[in-house]
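The values are calculated or read from the model by the stated rules, or taken from the named source; none is laboratory data. Nothing here was measured: the structure is a model prediction, and the numbers come from that model. Cβ placement follows ideal geometry from the backbone for every residue including glycine, while neighbour counts extend to all protein chains displayed.
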Amino acid sequence: MTTTRFAPSPTGHIHVGNLRTALFNFLIARKAGGTFILRLDDTDQERSKEEYADGIKRDLEWLGLHWDRVERQSARLDRYAEAAGQLRASGRLYEVFETPTELDLKRKKQLNMGRPPVYDRAGLALSDADRDRLRAEGREGYWRFKLDQERIEWTDGILGDISIDAASVSDPVLIRADGQVLYTFASSVDDVDMAVTHIVRGADHVTNTATQIQIIRALGGVPPAFAHHSLLTGAQGEELSKRIGALSIRDLRDAGVAPEALLSMMARLGSSQPVELKLTLDDLAEGFDLSQFGASPTKFDAEDLWPLTRERNQALPFDAVRDRIAALGVPADLAERFWSVASQNITTLDDLGPWWAIFSQGAEPQIDPEDADFIAQAMPLLPPPPYTDATWGEWTAAVKEATGRKGKGLFMPLRKAVTGQAHGPDMAQVMPLLQVVKARG
């Protein structure tokens, strides 16, 4: 069975880059009828917050990315201790004592000698007596995984054939001096225990993948199929990380972006397929193909979400917005007509409020100086509400006869005087919704 996972750390709000990872893994599972796991990587007790865990769930639920089960790394610490014991027994986990300053000096020395700055495995040469002495001196030991110094190879679902020489990579630290299990180790244990078959994540994890393949094998597991998607940049190719806080899913939702718009963009961005609005996750899954994605950095412009949001919102049936329209105070007998008239002139659903304000309270007239006399002649010819579907035609005909104006010179000043807008719905449809016309005086 296909099993994927999305494994965010609950140390902040998820953003568009996280969403891309979550969506890809979700769609792979959805397409195969498999299992999608939400795994909260919360072993960092200082930075992990329950409010962020709740926020992640809320964001995924808003997007419709429903998980089959939730796992929390903080509930699996005993399992990580057991796995660490297994690796120690097999000689793959060893204790080291260097301070950050000592490691930095070693790296600089290696670079000065023209060598790659790889950990020199000095910890492997320590005797029991050496370790006891270091502890007595107040040193705190931490644990590294001993890599087999061979080439680590896999066929990546996006990047193709990958080969990394393990001799060019430092033995990764898996357990800190304070006992905290680090991401590289905990994730490997989880992926084995949870029978994860496919992992999609950002291209910045390629080296992690190489080391995790060896860790998974050392634990007796079979590495899943890996794929690494490109990283997002800004519209001009600039680094996105500095702006990422403004691109959180929470903030995009609050701004009125439609979930379908966001999902449709993320499911195609960086691929050879055009971005098209899809209204269901099944439609997205059906056309989803990792092989269509490239390795180059992918430009993301949040402004591109608005045309998709507009398309989605304008396609909504009345039943989908009935409660929202009622909350605006629109009378039930006018609600469906109001949606029919206003829907084609909105981008976000929040745009409905200003339209109802115009219809119910009247708009501040916009009258150009050259049209002032014309409007002064026209407004007395408009009877008081209520209006009908015929009102606009009857009124403009009367104004045309009285003033001689026609075409745009007739219709545009009247629209601006009545609605305060130069553009908008067909005025014949607007008039029956108008409760007040301020320009009548």
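Return the only residue of 42, 54 being over 19 Å from residue 247 (Cβ atoms), part of a loop (DSSP other than H, G, I, E, B) and either within 18 Å of the chain's Cα centre (by Cα) or among the charged types (D, E, K, R) (or both). Explain how you work it out, then say what you get.
Values: 54 fails: part of a loop (DSSP other than H, G, I, E, B).
Every option except 42 fails the conditions.
Please indicate, with yes or no, whether at least one residue in segment 207-219 is without any contact (Cβ under 8 Å) to a residue 12 or more places away in the chain and over 30 Å from residue 147 (Cα atoms).
Let us first name the residues in segment 207-219 that are without any contact (Cβ under 8 Å) to a residue 12 or more places away in the chain, namely 217.
Within this subset, residues satisfying the condition of being over 30 Å from residue 147 (Cα atoms) are none.
No, that holds for no residue.
Among the residues of segment 278-292, are any in a loop (DSSP other than H, G, I, E, B) and over 22 Å from residue 32 (Cβ atoms)? Step through it out loud before you land on a result.
Of segment 278-292, the ones in a loop (DSSP other than H, G, I, E, B) are 278-280, 287-289.
Narrowing further to those that are over 22 Å from residue 32 (Cβ atoms): none.
Checked against the condition, which is being in a loop (DSSP other than H, G, I, E, B) and over 22 Å from residue 32 (Cβ atoms), segment 278-292 yields no hits at all.
For segment 272-315, which residues satisfy the criterion of being closer than 24 Å to residue 157 by Cα, out of contact with any helix residue (DSSP H, G or I) (no Cβ under 8 Å at 6 or more places or on another chain) and touching a residue at least 40 places away in the same chain (Cβ under 8 Å)?
291, 293, 294, 296, 297, 298, 299
Quick one: in segment 188-204, which of the residues that are out of contact with any Ser or Thr (no Cβ under 8 Å at 6 or more places or on another chain) and surrounded by fewer than 23 Cβ atoms within 10 Å (Cβ to Cβ) is nearest to residue 38 (Cα to Cα)?
Just the residues of segment 188-204 that are out of contact with any Ser or Thr (no Cβ under 8 Å at 6 or more places or on another chain), to begin with: 188-193, 204.
Filter once more, so that each one left must be surrounded by fewer than 23 Cβ atoms within 10 Å (Cβ to Cβ): 190, 192-193, 204.
On the way: 190: 12, 192: 15, 193: 14, 204: 21 Å.
Ranking the candidates gives 190 first.
What are the residues in segment 108-154 that are within 18 Å of residue 96 (Cβ to Cβ), basic (Lys, Arg) and out of contact with any Gly (no Cβ under 8 Å at 6 or more places or on another chain), if any?
Across segment 108-154, the qualifying residues are 109, 121, 133, 139.
Based on what the data block shows, is residue 107 within 15 Å of residue 175 (Cα to Cα) and assigned to a helix (DSSP H, G or I)?
On the way: within 15 Å of residue 175 (Cα to Cα): no; assigned to a helix (DSSP H, G or I): yes.
In short, no.
How many residues are surrounded by 15 or more Cβ atoms within 10 Å (Cβ to Cβ) and of a type outside the set (Asp, Glu) when one looks only at segment 355-380? Walk me through it before giving the result.
Let us first name the residues in segment 355-380 that are surrounded by 15 or more Cβ atoms within 10 Å (Cβ to Cβ), namely 355-356, 358-360, 362-363, 365-367, 371, 374-375, 378-379.
Among the residues that remain, those that are also of a type outside the set (Asp, Glu) are: 355-356, 358-360, 362-363, 365-367, 374-375, 378-379.
Of the residues in segment 355-380, 14 are surrounded by 15 or more Cβ atoms within 10 Å (Cβ to Cβ) and of a type outside the set (Asp, Glu).
Select, from 397, 439, the only residue that is within 29 Å of residue 347 (Cβ to Cβ), more than 44 Å from the chain's Cα centre (by Cα) and not acidic (Asp, Glu).
Values: 397 fails: within 29 Å of residue 347 (Cβ to Cβ).
None of the others qualify; the one that does is 439.
State the number of residues belonging to segment 156-203 that are out of contact with any Leu (no Cβ under 6 Å at 6 or more places or on another chain) and aromatic (Phe, Trp, Tyr).
1
Having 3 or more residues that are under 15 Å from residue 363 (Cα atoms) is the bar; report the helices (runs of 4 or more DSSP H) wholly within segment 374-441 that clear it. Break it down into steps so the answer makes sense when it comes.
Numbers: elements: 391-403, 408-419, 427-430.
Per the criteria, 408-419.
Go through the residues of segment 58-77 one by one and say whether even a single one is of a type in the set (Asp, Glu), modelled with pLDDT of 95 or more, part of a helix (DSSP H, G or I) and touching a helix residue (DSSP H, G or I) at 6+ places or on another chain (Cβ under 6 Å).
Our first condition is that a residue be of a type in the set (Asp, Glu); within segment 58-77, this holds for 59, 61, 68, 71.
From the residues that got through so far, the ones that are modelled with pLDDT of 95 or more too are 59, 61, 68, 71.
Cutting the leftovers down to part of a helix (DSSP H, G or I) gives us 59, 61.
Filter once more, keeping what is touching a helix residue (DSSP H, G or I) at 6+ places or on another chain (Cβ under 6 Å): 59.
Yes.
Got a number for residues in segment 205-247 being modelled with pLDDT under 90, surrounded by 14 or more Cβ atoms within 10 Å (Cβ to Cβ) and hydroxyl-bearing (Ser, Thr, Tyr)?
1
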